[in-house]
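Each remark here refers to the structure printed beneath this line.
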């Protein structure tokens with residue numbers, strides 16, 4: 001009896017295992033049937049087709065999908081390459097302000113590891129975050145201007161935030177920055193230029209008006225007084241003429257309206273001409289001048305403009321050396337040929353240029369000492385004109401200076417002149 005019970009128990013257990021396996025097989029079969037239906041739909045083929053045929057169709061389908069995935073990945077890489085090569089910084093952020101993408105230019109002007117960080121962590125400018133919030137509310141493009149310090153330099157950017165709605169209502173915000181630093185600098189230069197011109201013209205005009213008015217109110221019996229007043233009026237009128245001439249000269253040079261006559265010339269003749277002009281002036285200012293140059297240095301250039309350039313530099317050297325109160329007062333003008341270039345070196349033992357003023361030396365109207373410059377008859381445009389003339393000859397002008405010791409200008413001019421100009 002016990003044997004029968006055990007036998008029945010074993011049979012029941014075996015049956016239970018079989019039923020469990022059947023259920024599992026049935027489930028796998030059902031999954032397989034569903035999969036086969038999907039495969040049948042995917043490969044557009046009857047499931048009753050020969051297995052090898054179905055296998056080949058699946059293989060081809062997989063190959064086609066792999067190619068499509070590769071094309072999509074390649075397209076994505078190409079789009080990223082394009083975005084990364086756009087010169088304007090571009091940043092894409094989610095609704096919560098998390099940055100999901102930043103092109104190379106954007107990474108260059110922000111902090112390292114910008115992707116994954118919040119906008120307020122990257123832009124400390126409150127205005128950027130305020131704009132971002134306003135765009136989220138109004139769902140409309142917003143523009144503005146911000147200042148960023150990039151590598152310690154202040155730069156100006158036009159900022160645009162564009163809201164974009166993707167599929168499944170996912171929102172993204174595209175932040176585009178356009179560098180307008182150059183435009184702002186030029187705008188400031190223009191404003192400063194107008195202000196300087198107005199000031200420079202107002203001063204002599206005020207003097208002329210004042211002394212002319214004084215003469216009109218006077219009995220005109222004191223000839224010495226009349227002569228002194230007229231001398232001042234003439235001096236101020238001459239100063240205005242110099243300023244206007246320099247302004248017109250600089251404008252023509254920079255705009256290209258001045259026709260340079262490039263021809264074969266002897267640079268020595270220019271130096272001799274300048275020497276004849278400068279020596280009497282240097283004698284009056286009690287400054288020793290030494291010219292050192294060979295008999296013949298030929299180059300292609302505009303003789304009149306090069307004479308203007310040399311005369312301006314030497315004249316400045318003599319006048320500002322004369323201001324030195326103690327020590328030797330000497331200006332040396334040296335020229336020689338070096339390979340395919342001509343080197344012109346003008347060295348003085350004058351008052352020198354303060355270090356903080358050296359960066360602005362070639363700017364229009366910039367004068368190290370305005371009072372002294374006006375006394376010397378300077379307009380603050382001379383070195384701007386010199387630099388433009390040198391550049392028109394494809395040359396380079398450099399200088400070094402130490403306050404109280406002196407200044408040295410080095411002009412390098414190619415003997416072939418400017419190949420872009422008609423000779």
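FYI, it's all coordinate maths here, none of it is from the lab. Keep in mind that this is a model prediction, so the values were computed, not measured. A quick note on method: Cβ atoms are made from the backbone with ideal geometry, for glycine too, and the neighbour counts reach across all protein chains shown.
Tell me, 389, 410, 397 in order of fewest to most beta-carbon neighbours within 10 Å?
Values: 389 27, 410 15, 397 19.
The order, fewest Cβ neighbours first, is 410, 397, 389.
Going by how many other Cβ atoms sit within 10 Å of their own, how do 390, 411 line up, fewest first? Could you put the intermediate results ahead of the total?
Values: 390 20, 411 25.
If I rank by nearby Cβ atoms, fewest first, I get 390, 411.
How large is log10 of I(q)/I(0) for region 86-179 at q = 0.16, 0.17, 0.19 Å⁻¹ when the intensity is taken from the Debye formula with one equal scatterer per alpha-carbon?
Each listed q maps to, in turn, -0.59, -0.67, -0.85.
Please compute the alpha carbon radius of gyration of region 142-237, then divide it by the globular-protein estimate 2.2 N^0.38 Å. Two decimals is fine. Kindly include the intermediate steps, with their values, before the conclusion.
Details: Rg = 28.8 Å, N = 96, 2.2 N^0.38 = 12.5 Å.
Normalised Rg, Cα atoms only: 2.31.
At 7 Å along the Cα-to-beta-carbon direction for both residue 149 and residue 279, put a label point, then send me their distance in nm to one decimal.
So the two model labels end up 5.7 nm from each other.
Neighbouring Cβ atoms within 10 Å as the yardstick, rank 70, 120, 285 fewest first.
Numbers: 70 10, 120 13, 285 18.
Ordered from fewest to most neighbouring Cβ atoms within 10 Å, 70, 120, 285 come out as 70, 120, 285.
Please give, to one decimal in nm, the separation of the simple spin-label points placed at residue 226 and residue 241, each 7 Å out from Cα toward the Cβ.
Taking the simple label geometry, residue 226 and residue 241 are separated by 2.2 nm.
Once Rh is set to the Kirkwood radius over Cα pairs, what Stokes-Einstein translational diffusion coefficient, in µm²/s, holds for region 263-414 at a temperature of 10 °C and a viscosity of 1.306 mPa s?
Value of D from the Cα-based Kirkwood radius: 102 µm²/s.
On full extension of the chain, what length is gained from residue 357 through residue 67, given 0.36 nm per residue of separation minus the C-alpha to C-alpha distance? Walk me through the numbers before you get to the answer.
Numbers: separation 290, 0.36 × 290 = 104.40 nm, distance 6.41 nm.
Separation in residues times 0.36 nm, less the Cα-Cα distance, equals 98.0 nm.
Once label points are set 7 Å from the Cα along Cα→Cβ at both residue 216 and residue 336, what is their separation, rounded to one decimal in nm?
6.2 nm
If all Cα-Cα distances of region 257-311 are sorted into 10 Å bins from 0 onward, what percent lands in each bin, rounded to whole numbers?
Going out from 0 Å in 10 Å bins, region 257-311 shows 22, 47, 24, 8 percent.
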